[in-house]
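Visitor: Take this structure first; my questions come after.
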Amino acid sequence: MTPSHIAFIMDGNGRWAERRHMPRKYGHKMGTQTLENVVDLAAKFGIKTVTFYAFSTENWARPQSEIDYLFGIFRKFLSEIDRYKQKNVKLRFIGNLSRLPEDVRDACVEMTERTKENTGLNVVIALNYGSWEEVTSAVNRLLQSGKTSVSEEEIKNALYTHDLTFPDVVVRTGGEVRLSNFLLLQSAYAELIFTDTLWPDFDEKAFVGVLDEYSSRVRKYGGLKKGDAKA
Ligand code: IPE
Ligand code: IPE
Ligand code: MG
């Protein structure tokens, strides 16, 4: 089975560059090429939605020069609307955009607006995203609307991902085996795939490897695997 929604924790850019005795920034630059390549691969393999973790609520702890460089990359990506429009991708953003520099926030809104009629791959960028921030702001919004108790459905609808499907698979490159505050509720039943491949090296072979690994998994959602019903 092909997953409908793949979410990527794009990790390992810094180490990729350090191994080449280059500044970490170079790894981030190369990582953006991987992102575009993965967008094209996802479209080619018939995936419906692909989410990329680009900047976490914890990444503000990085040196200001690295943060500035990353935002330079985001600005460049956001200026390439026409290219993504041509790819027929529908872009949107999850995370607390209000803390982003105003021009970046405006560009996110513009990109979402200008690609909303596209009918191809959904591309979701998690920018200043963290699950704890997402849940906290969702709960506060529900409280402000006067609610004193909430249903699972109401929580789900108050998350940044309210109009998206949950990821079928979360892929983390770079060798770390953790979720780093990414889509914690949405990935409650996602398959998790951790690969040592560093994000800038994540190519078509690695992508196909993820699809193969996913199709070997048995998703049971607390039930039994087909054929085990007699147990
Ligand atoms: C991930 O790569 C990119 C972002 C967090 C923006 P890293 O920068 O975390 O790379 P490593 O983990 O240091 O190699
Ligand atoms: C996770 O990577 C965040 C993104 C990929 C945007 P990090 O490199 O920031 O995660 P930790 O600090 O190793 O957990
Ligand atoms: Mg990292």
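Visitor: Looking at segment 92-114, can you tell me whether even one residue there is among the aromatic types (Phe, Trp, Tyr), within 30 Å of residue 150 (Cβ to Cβ) and in contact with a helix residue (DSSP H, G or I) (Cβ under 6 Å, 6 or more places away or on another chain)?
Guide: The answer is yes; a qualifying residue exists.
Visitor: Looking at (1) away from ligand 2 (no atom under 16 Å from the Cβ); (2) without any contact (Cβ under 8 Å) to a residue 12 or more places away in the chain; (3) farther than 23 Å from residue 45 by Cα, which one does residue 135 not meet, given that it meets all the others?
Guide: Here residue 135 clears every test but (2).
Visitor: For residue 80, are the conditions met, namely being on the phi < 0 side of the Ramachandran plot, more than 10 Å from ligand 2 (Cβ to nearest atom) and either in contact with a helix residue (DSSP H, G or I) (Cβ under 8 Å, 6 or more places away or on another chain) or acidic (Asp, Glu) (or both)?
Guide: Yes.
Visitor: Need pairs with beta-carbon distance below 9 Å; first residue under 20 Å from residue 221 (Cα atoms) and more than 10 Å from ligand 2 (Cβ to nearest atom) and within segment 175-188, second charged (D, E, K, R) and not in a loop (DSSP other than H, G, I, E, B); sequence gap 6+ or separate chains.
Guide: Final answer for the pair search is 183/134; 184/134; 185/134; 185/156; 186/156.
Visitor: Can you tell me which residue among 156, 205 is more than 29 Å from residue 17 (Cβ to Cβ) and of a type outside the set (Gly, Ala, Ser)?
Guide: Testing whether each residue is more than 29 Å from residue 17 (Cβ to Cβ) and of a type outside the set (Gly, Ala, Ser) leaves just 156.
Visitor: Another question, then. Filter segment 12-26 down to the residues that are charged (D, E, K, R) and touching a helix residue (DSSP H, G or I) at 6+ places or on another chain (Cβ under 6 Å) and list them by number.
Guide: Within segment 12-26, 24, 25 meet the criteria.
Visitor: If residue 18 satisfies all but one of (1) within 26 Å of residue 100 (Cβ to Cβ); (2) within 16 Å of ligand 2 (Cβ to nearest atom); (3) touching a Lys or Arg at 6+ places or on another chain (Cβ under 9 Å), what's the number of the condition it fails?
Guide: Residue 18 satisfies every listed condition except (1).
Read-outs throughout are calculated quantities, based only on the coordinates presented, and are distinct from any laboratory measurement. All of these numbers come straight from a predicted model, not from anything done at the bench. Quick reminder, even Gly has a Cβ in these numbers, built from the backbone with ideal geometry, and neighbours come from all protein chains shown.
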